[in-house]
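S.K.: I'd like to ask some things about the structure below.
The values are calculated or read from the model by the stated rules, or taken from the named source; none is laboratory data. None of these values were measured; they are calculated from a predicted model. For neighbour counting, all protein chains shown are included, and Cβ atoms are generated from backbone atoms with ideal geometry for every residue, glycine included. Remember, those area values only see protein heavy atoms, side chains included, never the ligands or the DNA or RNA. Shrake-Rupley method; radii C 1.70, N 1.55, O 1.52, S 1.80 Å.
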Amino acid sequence: MTDYHNPVMLQECMEGLNIKPDGTYVDVTFGGGGHSREILKHLGKNGRLLAFDQDADAQRNMIEDERFEFVDQNFRYLKNFCRLHGAIPVSGILADLGVSSHQFDEADRGFSIRFDAELDMRMNQAAELTAKIVVNTYSEADLHRIFGVYGEIQNAKSLSHTIVTARLNVPINTVADLKNVISDRIPRGKENKYLAQVFQALRIEVNQELEALKEFLAQTAEVLEPGGRLVVMSYHSLEDRLVKNFIAKGKFSGEVEKDFFGNDQKPFDAVSRGAITATDEEIKNNNRARSAKLRVAVKK
Ligand SMILES: C[S@@+](CC[C@H](N)C(=O)[O-])C[C@H]1O[C@@H](n2cnc3c(N)ncnc32)[C@H](O)[C@@H]1O
């Protein structure tokens, strides 16, 4: 464990990857490097590991190992950067989605309801879109959609109206400004849960998390060798649904395509039935493991 991030379901992820010592692996969410370090332990001297992270802070955890290469990019560009690094085909891909503990704990990144800071929430500090821009410039209809769909917030309509009305008088620049403006919309006794939903919605929009996940998943089949493993861990139902549908049907909605003979046309088979979850023991030691869902698939 590092202070940066305590890796979730480390053992289960390694089992899912089923590592071949001389294979090439990609960890698309390097973070504190907990999963990457474990992958390297399973690799022989001819193995390779490419690690992506779009957050410049993750680079401080860089691993000095000649089998390791860091890619400071969004994983939505998986195929291009794997190709650039001469890494295709790969034997396994790991994605541990969402935000790291470090990102939540750094007050000035604006991810957490615990600290007052600018409304930022960018994983990639060089990106243009911030939570401040979303809150102060998006239309009422767009805010309604974001809070309703990404935050699964019941009163998303009145919440959006409150924000749009308040910002006519005063810009909403900080976490404290936002909490203040929406305080009358927050159900009593459920303050933390509600604010966490509001923040989740903004974070997903700022980082275009669902779009990036879909683009990434759609490229995995082209990058993996036959028999290669896709291992994805998600922390909320919107992501898990996309991963589940993609593995089961090769697409994000609708039914699986069939060929002329009625066979399923999809690139992956699920390795385990349903999602794998953390043990009670791990959840006791790492609260973040509570909501984790791990899905493993094999490329046909
Ligand atoms: C949950 S943490 C991963 C923790 C890591 N497995 C470990 O053991 O420390 C997720 C990391 O992925 C990065 N990330 C999230 N979405 C990304 C994306 N679309 N492209 C690149 N990196 C991303 C975040 O910046 C964060 O550092």
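S.K.: Quick one: Debye curve from the C-alpha atoms of the stretch 151-300, no solvent, what's log10 I(q)/I(0) at q = 0.13, 0.15 Å⁻¹?
M.R.: Normalising to I(0) and taking log10 leaves -0.77, -0.90.
S.K.: Between Lys258, Lys244, Lys284, find the one with the highest GNM mean-square fluctuation for the chain; connect C-alpha pairs within less than 10 Å.
M.R.: Result for the chain, Cα springs under 10 Å: Lys258 fluctuates most.
S.K.: At 7 Å along Cα-to-Cβ for each site, give me the label-to-label distance between Ala56 and Glu225 in nm.
M.R.: The two pseudo-label positions are separated by 3.7 nm.
S.K.: Still on this structure: Based only on Cα atoms, what mean projected area does the convex hull of the stretch 173-229 have, in nm²?
M.R.: Orientation-averaged projected area of the Cα hull: 6.0 nm².
S.K.: Could you check how much of the accessible area of the stretch 128-206 is carbon and sulfur, as a whole percent, using a 1.4 Å probe?
M.R.: 52 percent
S.K.: Using θ = phi - 60° and the Karplus relation 6.51 cos²θ - 1.76 cosθ + 1.60, list the HN-Hα couplings for the stretch 179-191 in order, rounded to whole Hz, with x at every Gly or Pro.
M.R.: 4, 5, 5, 9, 4, 6, 8, 7, x, 4, x, 10, 4
S.K.: In a GNM of the chain with a 10 Å cut-off on Cα contacts, which of Asp96, Asp22, Asp72 has the highest mean-square fluctuation?
M.R.: Asp22
S.K.: Another question, then. Any idea of His144's accessible area? Nearest 10 Å², probe 1.4 Å.
M.R.: The accessible area of His144 comes to roughly 70 Å².
S.K.: Please give the contour-minus-distance gain from Asp3 to Asp184: 0.36 nm per residue of separation, less the Cα-Cα distance, rounded to one decimal in nm.
M.R.: Separation in residues times 0.36 nm, less the Cα-Cα distance, equals 61.5 nm.
S.K.: So, one more: Based on alpha-carbon positions alone, could you give the equivalent ellipsoid semi-axes of the stretch 258-300 from the gyration tensor, as √(5λ), descending, whole Å?
M.R.: Output for the stretch 258-300: semi-axes of 34, 7, 7 Å.
S.K.: For the pair Glu64 and Leu168, how long in nm is the line joining their label points, each one 7 Å along Cα→Cβ?
M.R.: The modelled label-to-label distance comes out at 6.1 nm.
S.K.: Please give the length that would be gained between Ile88 and Asn285 if that part of the chain were fully extended, namely 0.36 nm times their separation in residues minus their C-alpha to C-alpha distance (nm, one decimal).
M.R.: Here the segment from Ile88 to Asn285 would lengthen by 67.2 nm.
S.K.: Compute the accessible area per residue over the chain, keeping the other protein chains in place, probe 1.4 Å, unit Å².
M.R.: Dividing the accessible area of the chain by its residue count gives 47 Å².
S.K.: Considering the options Val223, His144, Gln200, tell which one lies farthest towards the positive end of the dipole of the chain, charges being +1 on Lys and Arg and -1 on Asp and Glu at the Cβ, about the Cα centre.
M.R.: About the Cα centre, the residue reaching furthest to the positive side is His144.
S.K.: Could you pull the accessible area for Lys300 with a 1.4 Å probe, rounded to 10 Å²?
M.R.: The accessible area of Lys300 comes to roughly 100 Å².
S.K.: How much accessible surface does Thr277 have with a 1.4 Å probe, in Å² rounded to 10?
M.R.: Number for this one is 80 Å².
S.K.: On to the next question. Rounded to the nearest 500 deg cm²/dmol, what is the calculated helix-only ellipticity per residue at 222 nm for the chain, with -39500 (n - 2.57) per DSSP H run of length n ≥ 4?
M.R.: The per-residue figure over the chain is -10500 deg cm²/dmol.
S.K.: If DNA, RNA and ligands are ignored and the probe is 1.4 Å, what is the ranking of Arg241, Arg288 by accessible area, most exposed first?
M.R.: Ranked list, largest accessible area first: Arg241, Arg288.
S.K.: Kirkwood Rh over alpha-carbon pairs of the chain, then Stokes-Einstein at 37 °C and 0.692 mPa s: what D in µm² s⁻¹, rounded to an integer?
M.R.: 162 µm²/s
S.K.: Over the Cα atoms of the stretch 128-206, Rg to Rh with Kirkwood Rh, two decimal places?
M.R.: 0.91
S.K.: Against the longest alpha carbon principal axis of the chain, how many degrees, from 0 to 90 and to the nearest 10, is the axis of helix 209-223 turned?
M.R.: 10 degrees
S.K.: Can I ask one more? At 1.4 Å probe size, with the rest of the protein present, what percent of the exposed accessible area of the stretch 32-84 is carbon and sulfur atoms?
M.R.: 42 percent
S.K.: Which entries in the list Lys20/Lys79; Lys41/Lys79; Lys41/Lys258; Lys45/Lys251; Lys20/Lys244 go over 32 Å, if you measure between the two C-alpha atoms of each?
M.R.: Going by Cα-Cα distance, Lys41/Lys258; Lys45/Lys251 fall outside the 32 Å limit.
S.K.: Give me the distance in nm between label points sitting 7 Å out from Cα along the Cα-to-Cβ direction at Gln125 and Gln265, one decimal.
M.R.: In this crude spin-label approximation the distance works out to 4.6 nm.
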